[in-house]
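The values are calculated or read from the model by the stated rules, or taken from the named source; none is laboratory data. Remember, predicted model here, so these are calculated numbers, not experimental data. For neighbour counting, all protein chains shown are included, and Cβ atoms are generated from backbone atoms with ideal geometry for every residue, glycine included. When the accessible area is computed, the model is the full protein with side chains, heavy atoms only, and any ligands, DNA or RNA have been set aside. Shrake-Rupley method; radii C 1.70, N 1.55, O 1.52, S 1.80 Å.
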Amino acid sequence: MPEILAAGRIHRYNEYGYTALKPKKRVKNMLLAANIGNSELAFGVFDGDRLILSASIANRLNATKYDYAVNLLQVLHLHSIHSDSLDAGFLSS
């Protein structure tokens, strides 16, 4: 059966669709890089030297740090990246 790699997991196709088999082995240097701009927070996640996620969140005038934290965690979750897997990060503005 053919296998594909998606969202950090190996999937095998069967008659019912794609079924997750096992997590992909990961390098121990996953990095979150973020850039705070005037209108958006742009960020990327690197696994080693490979970019695995690039996304942005709109800045809002009355947003709190918790609003940004929830939004960031939701985007990571959508891409099957757990916050505990992040080893380092840097921030620029």
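Taking into account only those residues within segment 34-54 that are out of contact with any strand residue (DSSP E or B) (no Cβ under 6 Å at 6 or more places or on another chain) and farther than 15 Å from ASP87 by Cα, which is least open to solvent (accessible area, probe 1.4 Å)? Working first, answer last.
Applying the first criterion (out of contact with any strand residue (DSSP E or B) (no Cβ under 6 Å at 6 or more places or on another chain)) to segment 34-54 yields 36-39, 48-50.
In the following step, the residues that additionally are farther than 15 Å from ASP87 by Cα were identified as 36-39.
Working: ILE36: 76, GLY37: 28, ASN38: 163, SER39: 87 Å².
Ranking the candidates gives GLY37 first.
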Worksheet item: Within segment 36-74, can you find the residues that are free of Cβ contacts under 8 Å to residues at least 24 places away in the same chain, out of contact with any helix residue (DSSP H, G or I) (no Cβ under 7 Å at 6 or more places or on another chain) and hydrophobic (A, V, I, L, M, F, W, C)?
Response: ALA42, PHE46, LEU51, ALA58, LEU61, ALA63, ALA69, VAL70
Worksheet, complete the sentence: So the strands (runs of 3 or more DSSP E) completely within the chain holding 2 or more residues that are modelled with pLDDT of 90 or more are 30-36, 40-47, 50-58, 88-92
Worksheet, complete the sentence: Residue pairs qualifying under the 9 Å Cβ cut-off, at least six apart or on distinct chains, with the first in segment 81-93 being more than 16 Å from ASN71 (Cβ to Cβ) and in contact (Cβ under 8 Å) with a residue 24 or more places away in the chain and the second being among the charged types (D, E, K, R) and not in a strand (DSSP E or B), are SER85/ARG26; ASP87/LYS28
